[in-house]
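For reference, the structure discussed in these notes is given below.
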Amino acid sequence: MSIHLTDAAIEAFQQKLEERDTPRAYIRLGVKGAGCSGYQYVIQFEDNSPREKDIELFFNGILVLVDKKSMGYLDGCILEYEQTLLAQGFKFINPNEISRCGCGSSFNLKGNK
């Protein structure tokens, strides 16, 4: 199982950790049940020790934590950071995603209807 972070995503995480002044914090990625399509992506800072069942991924000195259940949903996912004239932010490109809601804040996964 794997997740890939683009160089732009790694750089954005590094910058956000520096701005937050917590260079030893982790980034937690996950999936939670929410929204009109069923699921939402989670990106958050984690200051506590990793949980026993967390999967630890390292990207250029950044520790990314993913719980085992979320990893099943994120397997093969690419996380990129986009900055355009209209918007900026992290974007998940997930081969397990089959649809998104109209507003783009939630999604549905293969095998979940």
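Bear in mind that the values in this text are calculations on the coordinates, not laboratory data. Note that the coordinates shown come from a computational prediction; the quantities given were computed from them, not determined experimentally. Reconstructed Cβ throughout: ideal geometry from the backbone, glycine too, with neighbour counts over all protein chains shown.
Overview of values
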quantity: Listed residues Q40, L109, T6: farthest to the positive end of the dipole of the chain (Cβ charges); calculated: L109
quantity: Amide N of region 74-97 lying under 12 Å from the label point, which is placed 7 angstrom from the Cα of E11 along Cα→Cβ; calculated: 81-83
quantity: Gaussian network model of the chain, Cα within-10 Å springs - most flexible of Q40, Q14, Q83; calculated: Q83
quantity: Overall form of region 3-108 per C-alpha gyration tensor (a/c, 1.5; a/b vs b/c); calculated: oblate
quantity: Over the chain: helical MRE at 222 nm, DSSP H runs n ≥ 4 each giving -39500 (n - 2.57), nearest 500; calculated: -5500 deg cm²/dmol
quantity: Charged-residue dipole, Cβ positions (Lys, Arg, Asp, Glu), region 3-108 about Cα centre, Debye nearest 20; calculated: 400
quantity: Most fluctuating residue given options L63, L86, L29, as computed from a GNM of the chain linking Cα atoms under 10 Å; calculated: L86
quantity: Listed residue (V31, C77, N60) projecting farthest to the positive dipole end of the chain, Cβ model; calculated: V31
quantity: Model label zone, E19; criterion: amide N under 16 Å from point 7 Å along Cα-to-beta-carbon; scope region 29-48; calculated: 43-46
quantity: Close Lys-Lys pairs in the chain, where close means Cα under 22 Å and separation is 8 or more or interchain; calculated: 16
